[in-house]
Amino acid sequence: MPCNYMVRVSENINMLDIEQCGVLEPSGYVKENENFLVLGLPVHLLDDYCGWLMSRQRRKLGAQVVTLNSEMVMQADVNPDLAKIIRRAELVIPDGSGIIFYLWLQGKNQLRCPGIELAESLLQKVDLLGESFPVFFYGGKPGIANKAAAFWQKKLPSLAIAGNECGYLTSNQEEELLNTLKKLQPQLILVGLGVPRQELWIAKHRHLCPHAIWMGVGGSFDIWAGVKSRAPLWMRENNLEWLYRFSKEPQRWQRMLALPRFALRALAVKFGLPVKVVK
């Protein structure tokens, strides 16, 4: 499918569409005692997220993976559809430093799990499985998903890549993509449409590949394609990756306002003050 159209589709997704797909039944979730609420939204506290997903997939149980950060929490506060999807995802990982800060305030010593690193771990695991575990890359500007897939094919020659597609499609092209996914049945589907589009899109269409791991990966394709870079290791280890992104993309300042708002709510919870949680 060519990507000659700079029109992002799938923005008009609503929860009625998603619920009609019949993929949101509360079965196979992470056990209740591994959940912790962050301003009303769950995050799952595990030592080995990749191992949990692979164990689940071996039992032919699909999963939607959500990479929770402060900005997503604040978006979910004003987007009930996104909040519902986060609550019904089989795995919600602590992707952002703000989530780790919240957990720390609540006495939880949890390591941050950046979504890009979990995706990379999954790719390295499924490389060992060859053709039995095909991967699909969907999202990004024209050519980006293809470059990201090529990067991983070179890095992991045994990786079975079922295909890739950009995130700028006409309605007809998107329909063709959905038919391709249904036919090929990839077992790992990485979706880079940005929040909340990727979460909504996955929730609506995951019934097409019910045994697959579906994961929203945001801008990871740009990094794998060599268009952007991650923060230096010392910044990542000190939960400062957000600051690096802001220095590289100052136009994100309005989005970054979610961080102090989230921090103030986290402190309010810590000190028992009245605070709004996500409904």
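The values are calculated or read from the model by the stated rules, or taken from the named source; none is laboratory data. Keep in mind it's a predicted model, so treat the numbers as computed, not measured. Every residue, glycine as well, gets a Cβ built from its backbone with ideal geometry; the counts of neighbours run over all protein chains shown. SASA here: full protein model, heavy atoms, side chains in, ligands and nucleic acids out. Shrake-Rupley method; radii C 1.70, N 1.55, O 1.52, S 1.80 Å.
Quick rundown of the values:
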quantity	calculated
Unique residue being open to solvent by less than 30 Å² (accessible area, probe 1.4 Å) and in a loop (DSSP other than H, G, I, E, B) when the list is G218, G272, G226	G218
Filter result for the condition that a residue is charged (D, E, K, R), more than 14 Å from the chain's Cα centre (by Cα) and either open to solvent by 10 Å² or more (accessible area, probe 1.4 Å) or modelled with pLDDT under 95 (or both), over D95, D77	D77
Criterion: open to solvent by 20 Å² or more (accessible area, probe 1.4 Å) and either at positive phi or under 13 Å from the mean Cα position of the chain (by Cα) (or both) - qualifying residue of E90, E131, E117	E117
Filtered residues of the stretch 192-215 (kept if among the charged types (D, E, K, R), in contact with a strand residue (DSSP E or B) (Cβ under 8 Å, 6 or more places away or on another chain) and open to solvent by 10 Å² or more (accessible area, probe 1.4 Å))	R206
Scope the stretch 158-175; condition open to solvent by 60 Å² or more (accessible area, probe 1.4 Å) and either aromatic (F, W, Y) or closer than 13 Å to H205 by Cα (or both); matching residues	E175
Pairs, first free of Cβ contacts under 8 Å to residues at least 40 places away in the same chain in the stretch 181-196, second outside any loop (DSSP other than H, G, I, E, B) and surrounded by fewer than 23 Cβ atoms within 10 Å (Cβ to Cβ), C-beta under 6 Å, six or more apart	K182/L208
Residues that are charged (D, E, K, R) and at pLDDT below 95, drawn from the stretch 113-155	E131
Pair list, Cβ under 8 Å, 6 or more apart: the stretch 143-163 residue more than 16 Å from A225 (Cβ to Cβ), other residue open to solvent by 20 Å² or more (accessible area, probe 1.4 Å) and assigned to a loop (DSSP other than H, G, I, E, B)	S158/L128; A160/L129; A160/P134; A162/P134
Of the criteria (1) open to solvent by 10 Å² or more (accessible area, probe 1.4 Å); (2) in contact with an Asp or Glu (Cβ under 7 Å, 6 or more places away or on another chain), which one N179 fails	(2)
Failed item, numbered, when V66 is tested on (1) part of a strand (DSSP E or B); (2) over 16 Å from the mean Cα position of the chain (by Cα)	(2)
Criterion: surrounded by fewer than 23 Cβ atoms within 10 Å (Cβ to Cβ), within 26 Å of Q254 (Cα to Cα) and not charged (D, E, K, R) - qualifying residue of I144, I100	I100
Candidates A119, A76, A83 - the one that is farther than 11 Å from P196 by Cα and not charged (D, E, K, R)	A119
Qualifying positions in the stretch 14-56 - modelled with pLDDT of 95 or more, in a helix (DSSP H, G or I) and buried (at least 17 other Cβ atoms within 10 Å of the Cβ)	Y49, C50, W52, L53, M54
Lone unmet requirement of (1) farther than 26 Å from A149 by Cβ; (2) in contact with a Pro (Cβ under 9 Å, 6 or more places away or on another chain) for G107	(2)
Search result, residues across the stretch 229-258 that are open to solvent by 30 Å² or more (accessible area, probe 1.4 Å), small (G, A, S) and either under 20 Å from the mean Cα position of the chain (by Cα) or under 21 Å from Q187 (Cα atoms) (or both)	S229
